[in-house]
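These notes concern the structure reproduced below.
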């Protein structure tokens, strides 16, 4: 591996890391915020029972 390959690989690794951190922030914002609100309807338990039968 030449020195140029090492620099290029480090650049790619940094870009992947940055993108993963962006995705992590989006997920944490969704979990901590009101974006992920469970929708429980009155007949939810009946639906679950039907699925499990």
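What follows draws every value from the coordinates through simple rules; no lab data is involved. Not measured: the values here are computed from a predicted model. As a convention, Cβ positions derive from the backbone with ideal geometry for all residues, glycine included, and neighbour counts pool all protein chains shown.
Potential lengthening of the chain between residue 17 and residue 44 amounts to 5.7 nm, from the contour at 0.36 nm per residue minus the alpha-carbon distance.
Estimated from the Cβ-Cβ distance and a Förster radius of 30 angstrom, the FRET efficiency linking residue 27 and residue 53 is about 0.30.
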